[in-house]
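Engineer: Before I ask anything, here is the structure I am working with.
Just so you know, all these numbers are worked out from the coordinates, no wet-lab data involved. From a predicted model like this one, the values you see are computed outputs, not experimental measurements. All Cβ positions, even for glycine, are placed from backbone atoms using ideal geometry, and neighbour counts span all protein chains on display.
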Amino acid sequence: MTDELSVVEFDGDEAVAEAVAGLHEARSTRAGLFKGAGIAAAGAGAIAAFLPGTAGARQGGSKKNDVKILNFALTLEYLEAAFYAEALAVGGYSGSVLNFAQVVAGHEATHVATLQGVLGSAAVKKPSFDFKGTTRKWHSFLRTSKVLEDTGVAAYQGQAPLIHQNAVLEPAGAILAVEARHAAWVRDLLYAGKSVKPAPESFSTPMSMSQVLSAVKKTGFIKS
Amino acid sequence: MNIFTNKPRIDLSAVVDFDTDGALQETEATARRHSRRNFLRTSGVAVGGAVVAGGLLPGASALAASTPKGDVAILNFALTLEYLESAFYASAIKHAHLTGEVKRFAHTVHAHEAAHVAALKKALGSAAVKRPTFDFGSAVTSQSAFQATAIVLEDTGVQAYQGQTPFIKSNAIFMAAISIHPVEARHAAWIRNLSGQSPAPAAFNPALTKDQVLAAVTGTGFIK
């Protein structure tokens, strides 16, 4: 994972860590977490799993920590959604690359809307991004996408065991699988060289929240 | 092109439809009655490659005596699916006259499924179910039939792991399952892309209950 992150130009930025540092203070009451108004705006599919009445408690973790995890996920989804939106706006791609960008842009936007809906007023604000020109050419777009998607998989996998409520774990698992599908898809588009395998290992390797935030920070993609 | 017009010996198309948000909700409804008892018993959840080896392969000894019966059943359920997948790829490699990237897919994924079988068997020790006898019939006699069947098996595998993870009580077993889940998703996306089907058909991957998976597997007639 560390090696693969190096394909993105690194330069330091504290923004992500700061954005997420505030999450410790996020509201954790169920009323705040599952604010009705926001849910209506989010994607239909996973919403039932997020509804307040279905929040089965798991041992370990806490609802408060679930808010932190959800906001961490939202930050990553903001990043991905903005990346694909910019790619579609400026990339001028065609064929399989365009199809990939369109489909995945839709998925990440749905993830953002869903997480925002669940978090309601506890949701972190969307940062502003600078993708440093990586969306301009299809090859740098795909290479950067690979890093973001692989990191997304590792991030959701790393957080899953820490989730307190089954009502949060279920949609997180549903997103984990989709991020893995994205990762394999973009890797297959890069497969021409045969060095990038869609499924590079038998057992997927998780990353901790701090590992992910450090990797994201180094991309310099998050400005504020 | 609808890949299922190749008439593989299975018809799981109804089960693996990606518009079945109901599956996710149904699994969630059941899962909330089963929170994990020993969840996060160990305060620090290590994150990294060592987790898989340390979690799923607890040394020479198999399952701890304290492993919940439900977890043993889930592991054996997973083992049965992995036996099936592993045997399917082994048979296809022998008989299906695979070429090009499809051949590389089969070899790569066979190695992964064999590794999953080995890890699950080792974890279960004497509690492991026996390997069934399989007959894949015409599903392994041509590349197109192989691809159609591989899509169904991998999509089902993803949905099966996703449906079971919320029921797992032991943290070590949860960590192992959550490391296999995204790998199956990568397999599914890879073979779908090779077959001209959308690698990621929805923003949220659906889950299947154990009964749904077993009914689908039984319906294939692959297990003698």
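Engineer: Once you have the Cα-Cα distance between A:ALA85 and A:LYS126, take 0.36 nm times their residue separation minus that, and quote the gain in nm to one decimal.
Structural biologist: Working: separation 41, 0.36 × 41 = 14.76 nm, distance 1.39 nm.
Between A:ALA85 and A:LYS126, full extension yields 13.4 nm more.
Engineer: Starting from 0 in steps of 5 Å, tell me what percent of the Cα-Cα pairs of segment B:118-179 lands in each bin.
Structural biologist: Computed distribution, short to long bins: 3, 14, 15, 20, 19, 14, 10, 4, 1.
Engineer: Enumerate the amide H contacts of A:PHE129 below 5 Å, restricted to partners 5 or more residues apart or on another chain; note that Pro and chain-start residues carry no placed amide H.
Structural biologist: A:LYS223
Engineer: From other protein chains only, count the Cβ atoms within 10 Å of every residue's Cβ in B:202-211, then give the mean. Intermediate results must be reported in sequence, preceding the final value.
Structural biologist: On the way: counts 10, 16, 17, 12, 3, 5, 0, 0, 0, 0.
Per-residue shielding by partner chains comes out at 6.
Engineer: Follow-up question, since we're still on this one. Please get the size of the charge dipole for segment A:95-200, origin at its Cα centre, with Cβ charges of +1 on Lys and Arg and -1 on Asp and Glu, quoted in debye to the nearest 20. Walk me through the intermediate numbers first.
Structural biologist: Details: 11 positive and 7 negative charges, 94 e Å.
The calculation lands at about 440 debye.
Engineer: How long are the semi-axes of the equivalent ellipsoid of segment B:185-224, defined as square roots of 5 times the Cα gyration tensor eigenvalues? Whole Å, largest first.
Structural biologist: Values: eigenvalues 108, 44, 10 Å².
In descending order, the three semi-axes are 23, 15, 7 Å.
Engineer: Another question, then. Can you tell which of B:ALA128, B:ILE151, B:SER138 lies farthest toward the positive end of the dipole of segment B:90-159, using +1 and -1 charges on the Cβ of basic and acidic side chains (Lys, Arg; Asp, Glu)?
Structural biologist: Working it through, the farthest residue towards the positive pole turns out to be B:ALA128.
Engineer: In which sequence would B:HIS181, B:HIS112, A:HIS139 go, from the one with the fewest C-beta neighbours within 10 Å to the one with the most?
Structural biologist: On the way: B:HIS181 28, B:HIS112 23, A:HIS139 11.
Ordered by Cβ neighbours within 10 Å, fewest first: A:HIS139, B:HIS112, B:HIS181.
Engineer: Average partner chain C-beta neighbours within 10 Å, per residue of A:153-163? Write down the numbers at each step before the final one.
Structural biologist: Values: counts 5, 2, 0, 3, 7, 5, 2, 9, 14, 4, 3.
Taking the mean over all residues of the peptide, I get 5.
Engineer: Show the residues, 5+ positions off or on another chain, whose built amide H is closer than 5 Å to the amide H of B:PHE134.
Structural biologist: Those qualifying (amide H under 5 Å, at least 5 residues apart or on another chain) are B:LYS224.
Engineer: A further question on this structure: For segment B:75-133, just the Cα set please: Rg and Dmax, both in angstrom.
Structural biologist: Final numbers for Rg and Dmax: 12.4, 40 Å.
Engineer: Among A:PHE100, A:GLY133, A:GLY117, whose Cα lies farthest out toward the positive end of the dipole of segment A:79-160, if unit charges sit on the beta carbon of Lys, Arg (+1) and Asp, Glu (-1)?
Structural biologist: Going by the Cα projections, it comes out as A:GLY133.
Engineer: Which whole-Hz ³J(HN,Hα) couplings does segment B:143-151 yield from phi under the Karplus relation 6.51 cos²θ - 1.76 cosθ + 1.60, θ = phi - 60°, glycine and proline marked x?
Structural biologist: Each residue's phi maps through the Karplus curve to give 5, 5, 5, 4, 4, 4, 6, 4, 4 Hz.
Engineer: Distance between Cα centroids, segment A:173-211 to segment B:75-154: provide it in whole Å.
Structural biologist: When both Cα centres are located, 20 Å separates them.
Engineer: To continue, here is another question. Give the Rg/Rh ratio for segment B:165-207, taking Rg as the radius of gyration of the Cα atoms and Rh as the Kirkwood radius, to two decimals.
Structural biologist: Here Rg/Rh amounts to 1.10.
Engineer: Please give the average number of partner chain Cβ atoms lying within 10 Å of the Cβ of each residue in B:160-169, rounded to a whole number. Working shown, then result.
Structural biologist: Working: counts 0, 3, 5, 2, 1, 8, 9, 1, 1, 2.
Across the residues of B:160-169, the mean count of other-chain Cβ atoms within 10 Å is 3.
Engineer: What list of ³J(HN,Hα) couplings, whole Hz, do you get for segment B:188-198 from phi and the Karplus terms 6.51, -1.76, 1.60, once you set θ to phi - 60° and write x for glycine and proline?
Structural biologist: Taking θ as phi minus 60°, the curve returns 4, 5, 4, 6, 5, 5, 5, 9, x, 10, 4 Hz for segment B:188-198.
Engineer: Another question about this same structure. Rank-order B:203-214, B:168-179 by packing density, defined as the average count of other C-beta atoms within 10 Å over each peptide's residues, highest first. Mind showing how you got there, number by number?
Structural biologist: On the way: B:203-214: 21.5, B:168-179: 24.3.
So the peptides B:203-214, B:168-179, ranked by packing, come out B:168-179, B:203-214.
Engineer: Here is a further query. If you take the Cα atoms of segment A:76-224, find Rg, then find the Kirkwood Rh from the mean of 1/r over all pairs, what is Rg/Rh?
Structural biologist: On the way: Rg = 15.0 Å, Rh = 15.9 Å.
Taking Rg over the Kirkwood Rh, I get 0.95.
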